[in-house]
Amino acid sequence: MRTRLVVGNWKMNGSRAANAALLQAVRASGPWTAEVAVCVPAPYLVETALALQGSMMSWGAQDCSAHEAGAYTGEVAASMLAEFGCRYAIVGHSERRAYHGESDQVVADKAKRALAHGLTPIVCVGETLAQREAGETEAVVKRQMSAVIRTLEHCISQVVVAYEPVWAIGTGRTASPAQAQAVHALLRGQLLAATEKAAQMRLLYGGSVKADNAPALFAEPDIDGGLIGGASLVATEFAAICRAAARP
Ligand code: PGA
């Protein structure tokens, strides 16, 4: 049985005061049967680690460098994230692919670097609205996934995958449970062809997940939790999503 996972992706939001209140409220709303994590902006990692120490929650980053170390101004190495107790690093979020020109191979290299330092990469894949309307969803997510499979080889079973249709991110427009499940099943099949451990891998859905639509999404057989943006900034909403991820 796969343990469900709910990950908050704060994106570029927060302040020291707001974070302290949010983390305290979320922490106090546990325990959950699902695993819960928050991926915070890098400058807040120390305080997040202090706030969550000894709790059931884990924490992580929203990106990491594809490089080990050196002259890469502004980048944060996976080894640095590991020093701050990060368990996860999101890689290949569609906002990074779109605004920072990250290619499938760069995303795969980031995933490899994260794994090398003991972090679990949360690899995001997903199609744009134009791609969905052109009937390209399957080809796009398979292409994005296959770069990671090729690069990680036998380690691929150690990643978490997040299917995030770009048209559903921050738009209030969620994929229907059936639409999400169809892509998750496709990804599971692709991963199964690469590793027999794919049955144990966690595939998250992300894109306008809220407390009210989470139960139906999590009821789908191949949806093992969520990557939560906007709703992760509201303690009551995030806590309700974490509760919804309990296995029946
Ligand atoms: P959203 O973001 O929940 O605000 O749509 C999800 C994500 O981008 O990870």
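Size of the chain: Rg and Dmax of its alpha carbons, in Å, are 16.6, 50. Amide H to amide H distances under 5 Å link Gly226 with Leu5, Val6, Val7, Tyr205, where only residues 5 or more positions off or on other chains count and H is placed in the peptide plane. Of all aspartates and glutamates in the structure, those lying under 18 Å Cα to Cα from Lys197, and not within fewer than 8 positions of it along the same chain, are Glu153, Asp222, Asp224.
For the listed peptides 241-247, 147-153, a ranking on the average number of other beta carbons within 10 Å per residue, highest first, reads 241-247, 147-153.
Expressed as a whole percent, the accessible surface of the chain that belongs to carbon and sulfur atoms is 56, based on a 1.4 Å probe.
Relative contact order for segment 180-248: 33 percent, from Cα pairs under 8 Å spaced at least 6 residues apart, divided by residue count. Using θ = phi - 60° in the Karplus curve 6.51 cos²θ - 1.76 cosθ + 1.60, the 3J(HN,Hα) couplings for segment 96-108 round to 6, 4, 7, 8, 10, x, 6, 7, 4, 6, 4, 4, 5 Hz; x is entered for Gly and Pro.
Excluding Gly230 itself, calculate the net charge of residues whose Cβ lies under 11 Å from the Cβ of Gly230, where each Lys or Arg counts +1 and each Asp or Glu counts -1.
+1
In this structure the amide hydrogen of Val91, modeled in the peptide plane, comes within under 5 Å of the amide hydrogens of Ile122, Val123, Cys124, none closer than 5 places in sequence on its chain. Within straight-line reach of Lys110, meaning a Cα separation under 13 Å, sit the following aspartates and glutamates at least 8 residues removed in sequence or on another chain: Asp63, Glu68, Glu75, Glu102.
Backbone amide hydrogens, once placed in the peptide plane, bring Trp59 within less than 5 Å of Val38, Arg87, Tyr88, excluding anything fewer than 5 places away on its chain.
Bridging of Lys11 to lysines at a Cα separation below 17 Å is possible for Lys210, once same-chain residues fewer than 8 apart are set aside. For Leu152, neighbours were defined as the other residues whose beta-carbon sits under 14 Å from its Cβ, and their charges (Lys and Arg +1, Asp and Glu -1) total +2. For segment 5-233, the solvent-accessible area of protein heavy atoms averages 42 Å² per residue (probe radius 1.4 Å; ligands and nucleic acids excluded).
Its residues counted as N, segment 120-194 yields a C-alpha radius of gyration over 2.2 N^0.38 Å of 1.09.
The values are calculated or read from the model by the stated rules, or taken from the named source; none is laboratory data. Everything numeric here is computed off the predicted structure, so don't read it as measured data. Because the Cβ atoms are built from the backbone with ideal geometry, glycine has one as well, and the counts that use them run over all protein chains shown. The protein model used for the area step is the full one, side chains on, heavy atoms only, and it has no ligands, DNA or RNA in it. Shrake-Rupley method; radii C 1.70, N 1.55, O 1.52, S 1.80 Å.
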